[in-house]
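Written below as structure tokens is the structure these notes are about.
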Amino acid sequence: MDPSLTPSAQTWKEKAREFSERFVRPVAAKYDRLQEYPWEVKSKLAEHGFMGVWIPKEYGGQGGGVLDLCVVVEEIARGCGGMGVMYAVNALGSFPIILGGTEAQKRKYLPEIAAGRKLIAFGLSERGAGSDAGGLSTRAVVDGGTITVDGDKKWTTNGGAADVYTVFAVSDPESRSRRISGVIVEKGDPGFEIGRAEDKMGIRCVPVVELHFRGCKVSTDRLLGGERGYGFKHAMMTLDCARPGVAAQAVGLAQGALEYALVYTQNRQQFGQPISSFQMVQQMLADMATRVEAARQLVYAAARALDAGPSAGGNPTKLAAQAKLFATDVAMEVTTNAVQLLGGYGYMRDYPVEKYMRDAKITQIYEGTNQVQRLVVARALLKEAMGLDGLKAYMPLPDHPNTALDRDRAAGRA
Ligand code: CAA
């Protein structure tokens, strides 16, 4: 029992752990090798009610929050990082509808996703617009009752497997703050095609593809939220809710690799004793476990802040970015150290830890590189620092000659 979890999150975590041991871990290596979508696992996820964890009850979901979603992602990723994202990316794709969709859009799409009958993906990034998410060039021309989408998307996780896509495109090129709109596109819409699938280092069981729109026409009831110009905001709000999920994926990966390292080091004999008896190995294990736990608690704190909302007084955007950057850096370090502890065996594909390391790398990149997360954190910090103005009285600043220190000096007290 983790006291930082709500009773509901605790229940989901236990359920997901059991699921992961039974259905995910045994097939993780197979799907990594085949680079195929694990349809059998997805069906089991749906059967066990996991596909609707984050979807409100009135739309057929389980009514859970970001914390519930995170603990499920963590446990799936503990068995397989690729399957962690194969699951979590449906939350990324559906958050724009949950946060910004019209009532009719929610009623049409969310129950299908919650039941696992339909999969969904998120189409934001482009060849020329990765970190600069506002620099999109895909166009969505709204004319009468029709939206025509033209352009290409890059790195769409779940693309091809998904039936529904929340796509972001420029609808109002002249507008400064309301250039972008969200459009819901379905597989089979005329002019919409799934492009090249990438050959990836890790998360190999889930497709990452290009999307092509060539005069793709859909009716205006597919305009996200029914109004133009809110796409960037909806995309950013979505990323706030989804980034703790990437962080949870990283915690699960790191925990999974750590557990293999713990078992291996107690069984590997060198110099006549298990290598876990050596202090240098113990130090590595202790540091790995400490960093995983610190990351986990930060992820839970970010998820709780998102569930509580900004009115609760925290800054969920900042915490989500902090959790994402910290947990994913920890995952990279811990999985690399797990390979190190397994030595020559760790480097071989017969052993599970090199896959954790390959799967971990992308978590530092997607849903905003960790450089972007640091930018988000720094912007929030500098804004919050306005409230620290009173501290100026206690330090000599160039524009503040009358500080308390100066006064104390003048009075011979310092
Ligand atoms: N919530 C609500 N609104 C927000 C917001 C947030 N978190 N962040 C910004 N906004 C709003 C701002 O208030 C501002 O609104 P106004 O114009 O009304 O003032 C507007 O959006 C523009 O904000 P910024 O000036 O901060 O925007 P920017 O251009 O400087 O970009 C950025 C900021 C943080 C760098 C952003 O571009 C970003 O997050 N980039 C990374 C994108 C990303 O994560 N891409 C990954 C996509 S998904 C993926 O990886 C593939 C996959 O399938 C898994």
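The values are calculated or read from the model by the stated rules, or taken from the named source; none is laboratory data. Only a predicted model underlies this, so the values are computations on that prediction, with no experimental measurement involved. All Cβ positions, glycine included, derive from the backbone under ideal geometry; neighbour counts span all protein chains shown. Only protein heavy atoms, including side chains, enter the accessible area calculation; ligands, DNA and RNA are left aside. Shrake-Rupley method; radii C 1.70, N 1.55, O 1.52, S 1.80 Å.
Things worth noting here:
- With a cut-off of 13 Å on the backbone N, the residues of segment 221-235 near the modelled label site 7 Å out from R178 along Cα-Cβ are 226-233.
- Once C-alpha pairs closer than 8 Å and six or more residues apart are averaged by separation and normalised to the residue number of segment 121-229, the relative contact order reads 31 percent.
- Whole-number D in µm² s⁻¹ for the chain, Kirkwood Cα-pair radius fed into Stokes-Einstein, 25 °C, 0.890 mPa s: 109
- Hz values of 3J(HN,Hα) by residue in segment 149-160 - Karplus curve (6.51, -1.76, 1.60), Gly and Pro given as x: 9, 9, x, 9, 10, 10, 6, 8, 6, 5, x, x
- DSSP-loop GluC sites (Glu not before Pro) across segment 139-197, with at most 16 other Cβ within 10 angstrom: E174
- Computing FRET efficiency as 1/(1 + (r/R0)^6) for K233 and R413, where r is the C-beta to C-beta distance and R0 is 45 Å, gives about 0.30.
- Furthest towards positive pole of dipole, S171, T102, V66, structure part the chain, Cβ charges: S171
- Relative contact order, whole percent, for the chain stands at 15, derived from Cα pairs under 8 Å and 6 or more residues apart.
- Among W155, W12, W39, the largest mean-square fluctuation in a Gaussian network model of the chain, built with springs joining Cα atoms closer than 10 Å, belongs to W39.
- Of the chymotrypsin sites (Phe, Trp or Tyr not before Pro) found in segment 209-317, those in coil by DSSP whose Cβ has at most 14 other Cβ atoms within 10 Å are F271, F278.
- Most positive-pole-ward Cα, G188, F278, G387, against dipole of the chain from beta carbon charges: G387
- Carbon/sulfur fraction of accessible area - segment 18-85, other protein chains in place, 1.4 Å, %: 47
- Sorted peptide list for 342-348, 69-75, criterion being average Cβ within 10 angstrom, highest first: 69-75, 342-348
- The dipole here belongs to the chain: it is taken about the Cα centre, uses +1 on the Cβ of Lys and Arg and -1 on the Cβ of Asp and Glu, and is about 160 debye.
- Debye, to nearest 20: dipole size of segment 233-384, +1 on Lys, Arg Cβ, -1 on Asp, Glu Cβ: 380
- Amide hydrogen proximity for K154: with H placed 1.01 Å from N in the peptide plane, the residues at 5 or more positions away or on another chain lying under 5 Å are S125, E126, R127, L211.
- What a 1.4 Å probe finds exposed on segment 146-261 is 50% carbon and sulfur by accessible area, rounded to a whole percent.
- For segment 379-396, backbone phi angles converted through the Karplus equation (6.51, -1.76, 1.60; θ = phi - 60°) give residue-by-residue couplings of 4, 5, 4, 5, 5, 4, 5, 4, x, 9, 3, x, 5, 4, 5, 9, 9, x Hz, Gly and Pro being listed as x.
- Each residue of segment 348-355 is assigned a 3J(HN,Hα), and the resulting list reads 8, 5, 5, 9, x, 6, 5, 5 Hz, derived from the Karplus form 6.51 cos²θ - 1.76 cosθ + 1.60 (θ = phi - 60°), x at Gly and Pro.
- Selection from V251, T335, P316, by position along the positive dipole direction of segment 233-384 (Cβ): P316
- Among the trypsin sites (Lys or Arg not before Pro) within segment 103-184, those in coil by DSSP and having at most 10 neighbouring Cβ atoms inside 10 Å are R176.
- Antiparallel DSSP beta bridges within the chain, as percent of all bridges there, nearest 5: 85
- The magnitude of the dipole of segment 138-282, with charges of +1 and -1 set on the Cβ of Lys/Arg and Asp/Glu and taken from the Cα centre, is near 300 debye.
- Violating pairs (Cα-Cα greater than 31 angstrom) within the set K30/K153; K187/K233; K30/K318; K15/K361; K154/K217; K15/K355: K30/K318
- Per residue, in Å², the accessible surface of the chain once ligands and nucleic acids are set aside, probe 1.4 Å: 45
- Reported to the nearest whole Å, the Cα centre-to-centre distance from segment 98-172 to segment 213-286 is 23.
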